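Notes to accompany the following structure.
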Amino acid sequence: MSNLVRISSSPACAMMASTASISRFSVSKVTSKVIEPHIDARTMEIHHSKHHNAYTTNLNAAIAGTDLEGKTIENILINLDKTNAAVRNNGGGFYNHNLFWTVMSANGGGLPTGELLAAIESSFGTFEEFKAKFAKAGATQFGSGWAWLCVQKGGKLDVCGTPNQDNPLMPEVGCGGTPILGMDVWEHAYYLHYQNRRPDYIEAFFNVINWTEVSRRFALEK
Ligand SMILES: [Fe+2]
């Protein structure tokens, strides 16, 4: 995997400035108003400053003094001992949200282009078929979790869902490949504005998908 980093976010994201961390994971900065009205600023602010911050703080506590300290988050998740609930939940929460912030943009939405669109059409038939499958993965995830678009080596794409803060990098989650797009369907991601209307939030999410960033991730991993 070519993008193994121990920083809080991708430098390609226009929404935030990342902060490198030498020995500890750190919380990225998010400009929360840029994707209104699709996702409201208050939700983004709480999501980032409270939820994401808590995952990050708890991850640092969980790995302090262990042999995981100093490893990349990708390395930690790929080799995860799933019985280690603190690292599983908080490491997943840290990684998942960092990806989540980068794949949303005020200039997002629409369709991807180029090789990513070709791969989507090759893997799913049409963009609309991909969209329906991705939306269904999010809408049918019982309780809290995530919907993912993953890429396998060779470029084949797949859609899946995971519960809680699990993600496709973790072993034996029934969902393989490297995630290049993730949608948070925890209620904390949408409840203030959408209440129980998760499908409405999912539809709105498609209006902010940063396909430029998803394409960048696809090119790195295909
Ligand atoms: Fe979240």
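So the values come out like this:
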{"quantity": "In the range 74-90, the residues that are away from the ligand (no atom under 16 Å from the Cβ) and assigned to a helix (DSSP H, G or I)", "calculated": "E74, N75, I76, L77, I78, A85, A86, V87"}
{"quantity": "Residue within the range 86-101 that is more than 19 Å from V208 (Cα to Cα), free of Cβ contacts under 8 Å to residues at least 24 places away in the same chain and not small (G, A, S) present", "calculated": "no"}
{"quantity": "Criterion: within 28 Å of D40 (Cα to Cα) and not acidic (D, E) - qualifying residue of A119, A139", "calculated": "A139"}
{"quantity": "The range 128-151 residues that are over 16 Å from L99 (Cβ atoms), paired with ones that are of a type in the set (G, A, S) (beta carbon under 6 Å, 6 or more apart)", "calculated": "Q141/G161"}
{"quantity": "Residue satisfying condition, being surrounded by fewer than 14 Cβ atoms within 10 Å (Cβ to Cβ) and within 16 Å of the ligand (Cβ to nearest atom), within set P179, P163", "calculated": "P163"}
{"quantity": "Residues being closer than 13 Å to A54 by Cα and either surrounded by fewer than 23 Cβ atoms within 10 Å (Cβ to Cβ) or among the acidic types (D, E) (or both) - total across the range 96-107", "calculated": "0"}
{"quantity": "Total residues in the range 79-95, condition over 17 Å from R24 (Cβ atoms) and exposed (fewer than 15 other Cβ atoms within 10 Å of the Cβ)", "calculated": "5"}
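None of the figures in this text is laboratory data; all of them are computed from the coordinates on show. Computed from a predicted structure; not experimentally measured. Every residue, glycine as well, gets a Cβ built from its backbone with ideal geometry; the counts of neighbours run over all protein chains shown.
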